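Just below is one structure, and these are the notes that go with it.
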Amino acid sequence: MSTEQPPTPAADPATAADRPLDLAGIGIGPFNLSLAALAHGVPALRTAFYEQRPAFHWHPGLLIDGATIQVPFLADLVTLADPGSPWTFLQYLKAHERLFPFYVAERFHIERAEYDAYCRWVSEQLPGLHFDHRVDAVRWDHEYELFEIDFTRLGGPGDDAHAPRPTGADEDGRALGRAYARNIVLGVGTEPYVPEPLRPLADAPNVPVLHSCDYLEHRERLLATGHVTVVGSGQSGAEVFLDLLRNRPLGAEGLHWMARTPAFAPMEYSKLGLEQFSPDYTRYFHTLPEPVRDQLLPRQWQLYKGIAHETLDAIHHELYRRALHADSWPGVVLTPGVTVRTAGRIAAARLELHLEHTEQGTRARHTTEAVVLATGYRERRVDTLLAALDPYVRRDASERPRVDADHRLVLDPLIKGSVYVQNAERHTHGVGTPDLGLAAWRSAVILNSLLAEPAYRLPSRTAFTAFGLQPSGRCGTVIGGPHLPDQRTPLAPTRT
């Protein structure tokens, strides 16, 4: 990527649009950071990325001591597309003189805190990243055939020496600016999901109902609370429950863990099962009819909502250890198959959840003093941000944006530029959409689609499994092609 700065916004669009960006990124999470890192290796592209937060942080409320990411360290920002990049995790270790200790440790899955530190290391050195910049609106300029990107600079004047110069100021004195780009990519991430029955309590001030994304901020208060309930059966729920369990009084744990899923189930981690997180499967899924995709996703919950085997083993070990030393069952209840119907306060320090057991068809009331919601995340809405483009976005039968194989929104032909999305296309690209392991590959696909000649050579085949009986895209494999004999004609005789 060129180290030149984005064009200086000006009142005259012709001046500012003289040398527009080839790609403007909105949001700097792991996926857009991956895209920026790989774009850095393509000097022909002029890019810039904007983020309203003052610095990079990846799920800071869940950086629990010892918690690991669920993908190998090779699933960093760039390696699976460009192992020779200066932004690999191994380069980070080398820069911090930890390469040999990491080699001796033989660790394939790194801690979340280390992954966060690695991403921050990249974000602090990579040019063209503008933190403290909130993008307010995106429009298409039909005259200049460019996207107009209006932003507010939230930091002080000296916070970013390389930031685009402002065009004015808002009523609070914050600098306003505008950039122009031929294409944009949305990487605004997801936001915590709170189930409707618990939303009033979670939104109320001073009520101890919080999402797991804020766990570390409230950890000490939760440890001092008499009874805590964790809702949600995924990896985050398991890690929060395990951390609380390990630090509660022996024999007086006061913990309840409940979830809608029929079991506290392990994540599908067989090698062939993991091939559903490959580019081959992503291409296959994209070719399926919309109704088939919608039916398929809920059935795949164990691929992305399950719990790591090691975490389940650690929970069971801790429960057994406590039962052994206390000579009684620990003060813990684990209940799967449960839905929270309603919730409310019954006293100053008590909460009541009304539960329904799916399989039994029974109902009960559950009282607790605090609730941690490990209920996952949903795609962040960008309606306001893209309001001016909404009439041009083509939608499916469920009014979701259509997304093509190169991760572009399908737009009206009047829009000559492309709008790419990252982690907002599970309905079109499948369970691998939020997976860190596909970040570098997706970034390379996006960059290659912008160029006349691909910048990154991507593999034509990535899985031993052949998904479907027909080719699943440009790199599909036909069953009975190069690997099986043509059964329509007799085999030639064999000489012995």
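General remarks:
- Stretched out straight at 0.36 nm per residue, the stretch from residue 297 to residue 333 would grow longer than its current Cα-Cα span by 10.0 nm.
- Estimated [θ] at 222 nm from DSSP helical runs (n ≥ 4, -39500 (n - 2.57)) normalised by residues in the chain, nearest 500: -7000 deg cm²/dmol
- Simple spin-label estimate for residue 96 and residue 190 in nanometres, 7 Å along Cα-Cβ: 2.5 nm
- Rounded if a/c under 1.5, otherwise prolate or oblate - segment 197-309, Cα gyration tensor axes: prolate
- If R0 is 25 Å, the Cβ-Cβ spacing of residue 57 and residue 317 corresponds to a FRET efficiency of close to 0.20.
- Counted residue by residue at 0.36 nm each, then reduced by the alpha carbon distance between them, the extension gain from residue 360 to residue 125 reaches 79.0 nm.
- Protein accessible area in segment 426-473, 1.4 Å probe - carbon and sulfur %: 56 percent
- Using the Cβ-Cβ distance between residue 137 and residue 252 with R0 set to 51 Å, the FRET efficiency works out to roughly 0.40.
- For the peptides 61-72, 319-330, the ranking by packing is 61-72, 319-330, with the highest mean count of neighbouring Cβ atoms within 10 Å listed first.
- Spin-label model, residue 107/residue 381: points 7 Å from Cα along the beta carbon direction are separated by 4.0 nm.
- Three-way shape label, segment 211-258, alpha-carbon gyration tensor, a/c 1.5: oblate
- Portion, in percent, of the accessible area of segment 214-364 that falls on carbon or sulfur, probe 1.4 Å: 56 percent
- Remark: C-alpha extents of segment 272-338 on the principal axes read 57, 25, 11 Å, sorted largest to smallest.
- At a probe radius of 1.4 angstrom, the accessible area of segment 362-401 per residue rounds to 60 square angstrom.
- The P(r) of segment 8-152 has a tail past 22 Å containing 47 percent of all C-alpha pairs.
- On a per residue basis, segment 205-301 carries 42 Å² of accessible surface, using protein heavy atoms and a 1.4 Å probe.
- Phi angles across segment 400-406 convert, under the Karplus curve 6.51 cos²θ - 1.76 cosθ + 1.60 with θ = phi - 60°, into 3J(HN,Hα) values of 8, x, 7, 10, 7, 5, 8 Hz, Gly and Pro given as x.
- Spin-label pair residue 218-residue 270: with each label point 7 Å from Cα along the Cα-Cβ axis, the two points sit 3.9 nm from one another.
- Note on residue 305: lysines with a C-alpha under 28 Å away, same-chain residues under 8 apart excluded, are 271.
- The chain: equivalent-ellipsoid semi-axes (sqrt of 5 x gyration tensor eigenvalues, Cα, Å): 40, 32, 23
- Prolate/oblate/rounded call for segment 257-296, Cα gyration tensor, a/c under 1.5 rounded: oblate
- Packing, taken as the mean count of other beta carbons within 10 Å per residue, orders the peptides 217-224, 128-135 from highest to lowest as 128-135, 217-224.
The values are calculated or read from the model by the stated rules, or taken from the named source; none is laboratory data. Keep in mind that this is a model prediction, so the values were computed, not measured. All Cβ positions, even for glycine, are placed from backbone atoms using ideal geometry, and neighbour counts span all protein chains on display. Side chains included, ligands, DNA and RNA excluded: accessible areas come from the protein's heavy atoms. Shrake-Rupley method; radii C 1.70, N 1.55, O 1.52, S 1.80 Å.
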